[in-house]
Amino acid sequence: MLIYLIPFISAFIGYFTNWIAIKMLFHPKNPVNILGFKVQGIFPKRQQQFAQKLGVLVANELIHFDEIADKLRDPKQLAALTPTIEKHIDTFLSVRLKEKIPVLSMFVTGSTLDKIKDGMMEEIESLLPQIITQYTDGLSEQIDIEQMVTEKVSNFSSDKLEEILFAIMKKEFRFVEILGGVVGFIIGLLQVAITLLQ
């Protein structure tokens, strides 16, 4: 009768083995000597290499600074700034300019201020793309996306790295654990079948 327990024992062993294997991806977090061998979780041990590979992947395949710069230079994005700029110019002409140069308010009428504002807005609208381009060009020389990602991931604590990877791959890890149990159960059934057929 005990022979029929073999599939269940095999299922437990398969599940438990895969569970241990997944845990060993992250634990132990620091090197531990076991029977003269240094044992450490794969991700904590290879965190630096993982960070470098991820940095290269993000910089080469996912995020390009040129794409970010293009978004900043997009006419629609620049047009969205117009109301804010216009509001500041209105405030400057109607309040601050008069405070700084009181005599001017006696000679400059509302229609003249409107013309000044229109001229300033035209100048700003033509100048803004150039300023953004100059800014992004200078910024691209200072920002290294690969280095930023590499440094961020390298500086993650082991707990944080485990938390992130589990959040991304929780279902996959669970599937591997269950698969170990299923495969173990099938192997156990085969063992029972072979034993009974002998």
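Would you confirm whether any residue within the range 139-150 is under 24 Å from Gly41 (Cβ atoms) and either in a helix (DSSP H, G or I) or modelled with pLDDT of 80 or more (or both)?
Yes, because at least one residue in the range 139-150 is under 24 Å from Gly41 (Cβ atoms) and either in a helix (DSSP H, G or I) or modelled with pLDDT of 80 or more (or both).
Identify the residue in the range 66-88 that is among the β-branched types (Val, Ile, Thr) and either free of Cβ contacts under 8 Å to residues at least 24 places away in the same chain or over 13 Å from Leu128 (Cβ atoms) (or both) and, among all such residues, is surrounded by the most Cβ atoms within 10 Å (Cβ to Cβ).
Ile68
Rundown of residues vs (1) among the acidic types (Asp, Glu); (2) under 16 Å from Leu25 (Cβ atoms), yes/no style:
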site: Gln147; (1), (2): no, no
site: Glu151; (1), (2): yes, no
site: Ile164; (1), (2): no, yes
site: Met169; (1), (2): no, yes
site: Phe173; (1), (2): no, yes
site: Gly184; (1), (2): no, no
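Criterion first (touching a residue at least 12 places away in the same chain (Cβ under 8 Å) and either part of a helix (DSSP H, G or I) or touching a Gly at 6+ places or on another chain (Cβ under 6 Å) (or both)) does Glu162 satisfy it?
In short, yes.
Taking Ser111 as the residue in question, decide whether it is more than 17 Å from the chain's Cα centre (by Cα), modelled with pLDDT of 75 or more and among the small types (Gly, Ala, Ser).
Against the criterion (more than 17 Å from the chain's Cα centre (by Cα), modelled with pLDDT of 75 or more and among the small types (Gly, Ala, Ser)), Ser111 qualifies.
Checking the conditions here, which among Lys170, Lys100 is surrounded by fewer than 11 Cβ atoms within 10 Å (Cβ to Cβ), of a type in the set (D, E, K, R), free of Cβ contacts under 8 Å to residues at least 12 places away in the same chain and under 22 Å from Thr17 (Cα atoms)?
Lys170
Across the range 21-55, what is the total count of residues that are of a type in the set (A, V, I, L, M, F, W, C), surrounded by 14 or more Cβ atoms within 10 Å (Cβ to Cβ) and within 23 Å of the chain's Cα centre (by Cα)?
6
Examine the range 155-162 for a residue that is over 30 Å from Leu62 (Cα atoms) and of a type in the set (Asp, Glu), and state whether such a residue exists.
No; the residues of the range 155-162 include none that is over 30 Å from Leu62 (Cα atoms) and of a type in the set (Asp, Glu).
Just to be sure I understand the filter: pairs with C-beta atoms under 6 Å, separated by 6 or more residues or on different chains, first member in the range 108-136 and in contact (Cβ under 8 Å) with a residue 60 or more places away in the chain, second member of a type in the set (Gly, Ala, Ser) and surrounded by 12 or more Cβ atoms within 10 Å (Cβ to Cβ). Which pairs pass?
If the second residue must be of a type in the set (Gly, Ala, Ser) and surrounded by 12 or more Cβ atoms within 10 Å (Cβ to Cβ), the pairs left are Thr136/Ala69.
The values are calculated or read from the model by the stated rules, or taken from the named source; none is laboratory data. As the structure is a computational prediction, the values presented were derived from the model and not from experiment. With ideal geometry, Cβ positions are generated from the backbone for all residues, glycine too; neighbour counts draw on all protein chains shown.
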